[in-house]
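First up is the structure itself, then whatever we jot down about it.
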Amino acid sequence: MIYAAITAALAAGDRLRHAFGSELAATEHTAHDVKLVADKECQDLIYGILLQHHPDSACLGEEGDIGKPGAPIEWIVDPIDGTMNLAHNIPHFCVSIAARDAATQKIVLGVIYDPMRDELFTAVRGSGAWLNGQPIQVSRRDKLSDAVVAVGFAKSQDSIDHCLKLYAVYGNQAKKLRAMGSAALDLAYVAAGRLDAYIEQGVNLWDIAAGWVLVEEAGGVMEIEQKIKGKYKVCASSGRIDYPLK
Ligand code: LIP
């Protein structure tokens, strides 16, 4: 399965790298979000490759679901995580693909590909976390005052209000704050020890599924709460620092 996920992520990433910098057509603009034609096009490309390799599986994604209901394996796909960055020619976005065992509801593998840096993050449950074939681990920093914390700004007003509270707390207590605009890359950076924590409220499963197994396989801790149906509150960290507000 990891071979199919990597093949699909590299194919979609290649397409996005070529599209970067060009005028990208949008299908929808809302107060704090944008949807690009490229979102659906990349998802169709990814689904095609995953189902070619695993025809008995199902696919759940930001741009719609397909495949066999009740399938043993469910792919969880975000074709472009960090769409707003791509739409503004900010080279910080990725393709995120995870697989979930339908029986146990456990995420069993995750792939996050950043096409602009050619960084491929992979993890299979029980086999560790990797970046371009090298093992990665969460950071060893153990003081909040040494920590670089990413806070995500989701789309709904209440999640933005909550993130502003997080900013007030960590802007004062952490070494530095970051809002980089891609939950999946934030999680990959926690797994690689670049960030000490990532905290956000109001994200979707497809934003966090692949990063979830990456962080845990890199020795980190994922605290996840489903606030309302389909919306998650996440605190991903090395597990070595106590974060007063999540
Ligand atoms: C994005 C997330 C990010 C969040 C944005 C958006 P998208 O996902 O990765 O963490 O702050 O609001 O949800 O829309 O680019 O797939």
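Secondary-structure-derived ellipticity at 222 nm for the chain, considering helices only, amounts to -10000 deg cm²/dmol, per-run term -39500 (n - 2.57) for DSSP H runs with n ≥ 4.
From Cα pairs below 8 angstrom and at least 6 apart in sequence, can you work out the relative contact order of the stretch 2-135, rounded to a whole percent? Mind dumping the intermediate values first?
Working: 255 pairs, mean separation 28.1, N = 134.
Across the stretch 2-135, relative contact order equals 21 percent.
What size of dipole, in debye to the nearest 20, comes out for the chain about its Cα centre when the only charges are +1 on Lys and Arg C-beta atoms and -1 on Asp and Glu C-beta atoms?
On the way: 24 positive and 31 negative charges, 144 e Å.
Rounded to the nearest 20 debye, it is 680 debye.
Calculated on the alpha-carbon coordinates, the convex hull of the stretch 2-135 measures out at 108 cubic angstrom per residue. Residue-wise HN-Hα couplings along the stretch 53-62, as the Karplus relation 6.51 cos²θ - 1.76 cosθ + 1.60 with θ = phi - 60° gives them from phi, are 7, 9, x, 8, 9, 10, 10, 10, x, 4 Hz; Gly and Pro carry x. Coupling constants for the stretch 189-201 follow from the phi torsions by the Karplus curve (6.51 cos²θ - 1.76 cosθ + 1.60, θ = phi - 60°), and in residue order they are 6, 5, 4, 8, x, 6, 9, 8, 7, 9, 10, 7, 10 Hz; glycine and proline get x.
Between the amide H of GLU223 and those of CYS235, ALA236, SER237, distances stay under 5 Å, these residues lying 5 or more places away or on another chain, with hydrogens modeled in the peptide plane.
When the Kirkwood radius is taken over all Cα pairs of the stretch 1-54, what Stokes-Einstein diffusion coefficient follows at 37 °C and 0.692 mPa s, in µm²/s? Intermediate values should be presented prior to the final figure.
Working: Rh = 12.2 Å.
Roughly 269 µm²/s, to the nearest whole number.
Using a Gaussian network model of the chain in which every pair of alpha carbons under 10 angstrom is joined by a spring, one finds that among ASP56, ASP81, ASP39 the greatest mean-square fluctuation is at ASP56.
Of LYS155, LYS229, LYS68, the residue with the greatest mean-square motion in the GNM of the chain, using alpha carbon springs below 10 Å, is LYS229.
Taking amide H as placed 1.01 Å from N in the peptide plane, PHE153 has its amide H under 5 Å from the amide H of GLY181, each at least 5 places away in sequence or on another chain. At 1.4 Å probe size, with the rest of the protein present, what percent of the exposed accessible area of the stretch 2-135 is carbon and sulfur atoms? So the carbon and sulfur contribution to the accessible surface is 56 percent. In the context of the full set of protein chains, the stretch 114-246 has a per residue accessible area of 43 Å² (1.4 Å probe).
What is the percent of Cα-Cα separations in the stretch 148-246 that go past 16 Å?
Values: 2330 of 4851 pairs.
When all Cα pairs of the stretch 148-246 are counted, 48 percent exceed 16 Å.
Of the residues TYR198, TYR232, TYR113, which exhibits the maximal mean-square fluctuation in a Gaussian network model of the chain defined by a 10 Å Cα contact cut-off? The residue with the greatest mean-square fluctuation here is TYR232.
Please compute one quarter of the surface area of the Cα convex hull for the chain and express it in square nanometres.
Numbers: hull surface 48.8 nm².
Directional mean of the projected Cα hull area for the chain stands at 12.2 nm².
If you restrict to DSSP beta bridges whose two residues both lie in the chain, what percentage is antiparallel, to the nearest 5?
Values: 44 of 54 bridges.
The antiparallel fraction comes to roughly 80 percent.
For the pair the stretch 95-167 and the stretch 214-230, the centres of their Cα atoms are 9 angstrom apart. Annotation: amide H-H contacts under 5 Å for LEU195 (H modelled 1.01 Å from N, sequence separation of 5 or more, or interchain): VAL190.
The values are calculated or read from the model by the stated rules, or taken from the named source; none is laboratory data. In this text the structure is predicted, and so the values were computed from the model without any measurement. Counting neighbours? That spans all protein chains shown, and the Cβs are built from the backbone with ideal geometry, glycine included. Accessible surface is based on the protein model in full, side chains and every heavy atom, while ligands, DNA and RNA are left aside. Shrake-Rupley method; radii C 1.70, N 1.55, O 1.52, S 1.80 Å.
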